[in-house]
Structure formats: C-alpha cells, structure tokens
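A.B. asks: Take a look at this one; I'll ask things after.
What follows is calculated from the coordinates using simple rules that are stated; it is not laboratory data. Just so you know, these numbers come straight off a predicted model, no measurement behind them. When we count neighbours, we look across all protein chains shown, and the Cβ atoms used for this are built from the backbone with ideal geometry, even at glycine.
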Amino acid sequence: MGGTGAAHGWRPHVVTDEAVAEAAPVAAFQALLDDGLPLLRAGDPLPPLWHWLALPIWPRSSALGADGHPRRGGFLPPIELPRRMFAGGEIILHAPIPIGSSVRRGAEVIGVEHKQGRSGALAVVTTRTRLHVGDTLCLEERQDLIYRSAPPRDPDVPPAQPAPPMPVEPVVPAAPLEKVAEHDGGGEWVLRTDPTLLMRFSAATANPHRIHYDWPYATGVEGYPGLVVQGPLMTLLLAEAARLSGLADVRSLTHRNVAPLFCGDPGRLYLAADPDAPGTHLAHLVSAETVRTSLSIATGS
C-alpha cells in the first residue's frame, strides 16, 4: 500500500458501527424517483445499492473540512489534493437486507496509490465495507475514490470571483427518469436533473460535499462549470433502470464513473443484455455523446 500517509502518522484501520436500515431515507428516495411503485415498508428487502440511502453516516458539523466532507486523516488518509471523485467500485450481494433490520458495518481502507496523470497529481483510495445482519454476511463493497489537484490557473488572470447564482427559471415538475424506448432485455430513458434533485439526494444520503449544492464553491474554488451530479445518484439511477425493467436476482454490480455530469445537462440511460456474458446486463449514462457512468449487473448463481 504505497504512499498511505505514514509521514503524517496515519495508518489504515477498521471502523465498525451498528445502525438500523432506516425506512425514512428509503421513502425519501422513492419520492425523489416518483416511479409509481408501492412504498417500501419495514421488512421489505432493500433494492440493490439502496444501502447507500438506508444506512447514511452523518458526520458532526465540527468534523467537516472546507469542501464539506469530513476532514481527512481519520478514516481516510490525509491526502491534500482538493478535488474528490466517486470513481466506481463493486458490490456483491450475498443476502437481503430487510428495511428496519439492525446492520453491523465494518469499513477499512485497503489501498492508497499516488499517481501522476495528464492533468496533474492524483491519488486513488480504495475502501472495503462489509454489512452483516446478525451473523449473516449480506453485502461486500469496494469503493474507489479519486483525489485530484486543483485545475491550473493562469497567473495573469485575477483570482476567480464568486460565481453568480444559477438563473431562476420555471421548472416543470417531472420524475428524473422517463422511459422513451423498450426492447428485450432493456430500454432507454431520458434523465433530467435540477438543483432540487441534487439537494434532495444529498440530504437523503448525508452527502455534504459542496460541489453538489454550492454554486460559488463548485465553480469558483473547484473550477467546475456548474453543480456536479452525484456519482452515487448516477449509479443508482442505472440500477433503477434495471429494476424497473424487471431485472431480478441481482448478485453483483460493478460500476465506474468515467466523467462528471453537470446539473441541467441532458442525459440518457441505456440498458441491454450483454451478448458476450449470459446473465449480465450493461447500463450506461450518456451525455453529449460521452459515457459518464457505466454499470455491469450480474444475475443468477
């Protein structure tokens, strides 16, 4: 595990806690989706990836850093690169997690790698989480987080001023996903995002990262052209497209966030059976002809 931050006295360690798979954030996400399905209740199994909603971790306000995330050097290594991206991972589903059940969670950092990319220095942090209900291992998850250097600034250009607020325009209320095509093994959906959607998802998942709701910070400090759609939201919507298509008996999901999607940019989701791998479906979120997020879903034994 190269470059783990040992110079700062940091060492990887296992963090454990026990929490209830709460019904309230599950209901909040169902309201956000507005998909017309019956409300999930206590005892119902969580759909794939919904543990991100049912088991949120709320950090103390005094523990937050300048970007809104918890300050590094506790669970995560003390990496000083400012930009953080949810880059992907893998989830293996062993057994259902019922809503309302008590879940024991164990998480640890299993890898830290420093690299030099085309845009500058970066670090890849890999975490592993295991969820148990009683003595049953229900879920194993690997997450990859990427930290990047700030975008370069021209010394002849004055420091960026706070960006103006986003223009206030009438928004026609609509569900974020609208199915526009259907075919055997999948279909196609239109994705709509707006600041309200991002705010509601951040609240449901206890995600305080400022790039998702703070326009001046996202544009003036981290250099993005607008608010950034959450990587977990994009991944979850791909999984939801599969669930709404009737895909069941999901055993594993492998996801990769390739490029950011910005609030208000039009997007499309595509789901299809993988002709080269029986029992596997592939889903992609595409915007401006660029794949932003991809998801591979394996079913069966």
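A.B. asks: Explain nothing, just the number: dipole magnitude of the chain about its Cα centre with +1 on each Lys and Arg Cβ and -1 on each Asp and Glu Cβ, in debye rounded to the nearest 20. Intermediate results must be reported in sequence, preceding the final value.
C.D. replies: Values: 25 positive and 31 negative charges, 180 e Å.
Using Cβ point charges on Lys, Arg, Asp and Glu, the chain gives about 860 debye.
A.B. asks: Can you compute the FRET efficiency between L37 and S252 using 1/(1 + (r/R0)^6), with r the Cβ-Cβ distance and R0 = 25 Å? Round to the nearest 0.05.
C.D. replies: Details: r = 23 Å, r/R0 = 0.93.
Between L37 and S252 the formula returns 0.60.
A.B. asks: Given only helices, namely DSSP H runs of n ≥ 4 each adding -39500 (n - 2.57), what is the per-residue ellipticity at 222 nm of the chain, to the nearest 500 deg cm²/dmol?
C.D. replies: -4500 deg cm²/dmol
A.B. asks: For a quick check: with amide H placed at 1.01 Å from N, whose amide H comes under 5 Å from R251's, ignoring anything fewer than 5 positions away on the same chain?
C.D. replies: A298, T299, G300
A.B. asks: For the stretch 272-284, what does the Karplus curve 6.51 cos²θ - 1.76 cosθ + 1.60, with θ = phi - 60°, yield as ³J(HN,Hα) per residue in whole Hz, taken in order and with x for Gly and Pro?
C.D. replies: These are the phi-based 3J(HN,Hα) values: 8, 5, 7, x, 9, 9, x, x, 10, 10, 10, 10, 9 Hz.
A.B. asks: Right, here's the next one. Per residue of the stretch 249-266, what does 6.51 cos²θ - 1.76 cosθ + 1.60 with θ = phi - 60° give for ³J(HN,Hα)? Whole Hz please, x for Gly and Pro, Karplus curve as stated.
C.D. replies: Values per residue, Gly and Pro as x: 6, 6, 10, 7, 9, 10, 10, 9, 9, 8, 8, x, 10, 9, 4, x, 5, x Hz.
A.B. asks: Using the Karplus curve 6.51 cos²θ - 1.76 cosθ + 1.60 with θ = phi - 60°, work out ³J(HN,Hα) for each residue of the stretch 15-29 in order, rounded to whole Hz, and write x for Gly and Pro.
C.D. replies: Those phi angles translate into 10, 10, 7, 10, 8, 8, 6, 5, 7, 5, x, 5, 5, 5, 6 Hz.
A.B. asks: Please identify, among G68, G120, G231, the residue showing maximal mean-square fluctuation in a Gaussian network model of the chain using a 10 angstrom Cα cutoff.
C.D. replies: Checking each option, the largest mean-square fluctuation is seen for G120.
A.B. asks: Name the residues whose placed amide hydrogens come within less than 5 Å of the amide hydrogen of G267, ignoring near sequence neighbours (fewer than 5 apart) on the same chain.
C.D. replies: Amide H neighbours of G267, under 5 Å, 5+ apart: L191.
A.B. asks: Packing-wise, with mean Cβ within 10 Å as the measure, how do 47-53, 192-198, 60-66 rank, highest first?
C.D. replies: On the way: 47-53: 22.4, 192-198: 17.7, 60-66: 9.9.
Those peptides, ordered most packed to least, come out 47-53, 192-198, 60-66.
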